[in-house]
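K.L.:
What follows is a structure written as structure tokens; I'll ask about it next.
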Amino acid sequence: MEQAGGVADQWRGEVEATLVATPAAEAWPHLASFCSIHRYMPGIDTCERVAGEDGLPGCVRYLTTFGATGEVALWAREELLELDDTARRIRYTVLDNNMGFGRYVATLQLLEIDGDGEEEACKISWGYDCEPVKGMNKERLVGILDVSVKGIAKKIEETLRAAACA
């Protein structure tokens, strides 16, 4: 369906998750490692760099999720468009996939939150701008992204806690 001006329908929005008592500076290296997302994002079993250098625009990663019998069930190739350490922001696009995505650009940003004076906190904002996804409504996409960003936040916090106890 076309909107005024000839632009196809687009889905845009954002989801976010708070990392309580986690300073943004401590969380950022985990979020910024483009080819290590499988360590933090629920449902991603593997992530490997297939082109370029991790952390530099043009880097391409290949993500997979395995099915019950061990076969690759879902996959995507994604390209890093921007990694800004100062703004603590990553932007990437999906190049190819078997999940129904056409044009999809994501922006993940780590933002500081004013704490209660004792502990610093931060939040991950995951913005998306995409064509409608085949076989999915916008509410389902938002639900998947919401679970994903909350899972990433939880795993980063667990990783930092484990490192502090080691």
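K.L.:
Rounded to the nearest 0.05, what FRET efficiency do residue 48 and residue 166 give with R0 = 22 Å and r taken as the Cβ-Cβ distance? Could you check?
P.N.:
With R0 = 22 Å, the Cβ-Cβ based efficiency is 0.25.
K.L.:
Return the distance in nm (one decimal) between the two label points of a simple spin-label model at residue 154 and residue 129, each offset 7 Å from Cα along Cα→Cβ.
P.N.:
Rounded to a tenth, the inter-label distance reads 3.1 nm.
K.L.:
Then there is this: Considering the zone a paramagnetic label at residue 111 would reach in this model (a point 7 Å from Cα along the Cα-to-Cβ line), which residues of region 133-161 have amide N under 19 Å from it?
P.N.:
Backbone N within reach: 142-143, 145-154.
K.L.:
Express in % the proportion of alpha carbon pairs of the chain at distances exceeding 19 Å.
P.N.:
Value for the chain (Cα pairs over 19 Å): 59 percent.
K.L.:
Moving on. Could you tell me whether region 48-123 comes out rounded, prolate or oblate from its Cα gyration tensor? Rule is a ≥ b ≥ c as square roots of the eigenvalues, rounded for a/c under 1.5, then prolate if a/b exceeds b/c, otherwise oblate.
P.N.:
prolate
K.L.:
I'd like to check one number: the per residue accessible area of region 22-143, probe 1.4 Å, reported in Å² as a whole number.
P.N.:
Per residue, region 22-143 has an accessible area of 51 Å².
K.L.:
Over region 98-166, what lengths in whole Å, largest first, do the semi-axes of the equivalent ellipsoid take, defined as the square roots of 5 times the eigenvalues of the alpha-carbon gyration tensor?
P.N.:
After scaling each eigenvalue by five and taking roots: 31, 14, 10 Å.
K.L.:
Subtract the Cα-Cα distance of residue 98 and residue 72 from 0.36 nm times their separation in residues, and report this length gain in nm to one decimal.
P.N.:
Value of the extension gain: 8.3 nm.
K.L.:
Principal axis lengths of region 1-82 from Cα atoms, whole Å, largest first?
P.N.:
Largest first, region 1-82 extends 44, 39, 28 Å along its Cα principal axes.
K.L.:
For helix 138-165, what angle does its Cα long axis make with the longest principal axis of the chain, in degrees from 0 to 90 and rounded to 10?
P.N.:
The two axes meet at around 30 degrees.
K.L.:
Same structure again: How large is the translational diffusion coefficient of region 28-76 in µm² per second when you combine the Kirkwood radius over alpha carbon pairs with Stokes-Einstein at 37 °C and 0.692 mPa s?
P.N.:
289 µm²/s
K.L.:
Could you please state how large a percent of the accessible area of region 18-134 is carbon and sulfur, counting protein chains only and using a 1.4 Å probe?
P.N.:
48 percent
K.L.:
For a distance above 18 Å, tell me the whole-number percent of Cα pairs in region 62-104 that qualify.
P.N.:
The answer is 41 percent, as a whole percent.
K.L.:
Using Cα centres only, tell me the gap between region 12-53 and region 92-111 in whole Å.
P.N.:
Between the Cα centres of region 12-53 and region 92-111 lies a distance of 13 Å.
K.L.:
Pop out the ³J(HN,Hα) list for region 18-33 in order, Karplus 6.51 cos²θ - 1.76 cosθ + 1.60 with θ = phi - 60°, rounded to Hz; leave Gly and Pro as x.
P.N.:
Result, rounded to whole Hz: 9, 9, 6, 6, 10, x, 4, 4, 7, 7, 4, x, 6, 6, 6, 7.
The values are calculated or read from the model by the stated rules, or taken from the named source; none is laboratory data. This one's a predicted model, so the numbers in the text were calculated from it and none came from an experiment. Note that we place each Cβ from the backbone using ideal geometry, even for glycine, and neighbour counts take in every protein chain shown. We work out accessible area using only protein heavy atoms, side chains counted, and drop any ligands, DNA or RNA first. Shrake-Rupley method; radii C 1.70, N 1.55, O 1.52, S 1.80 Å.
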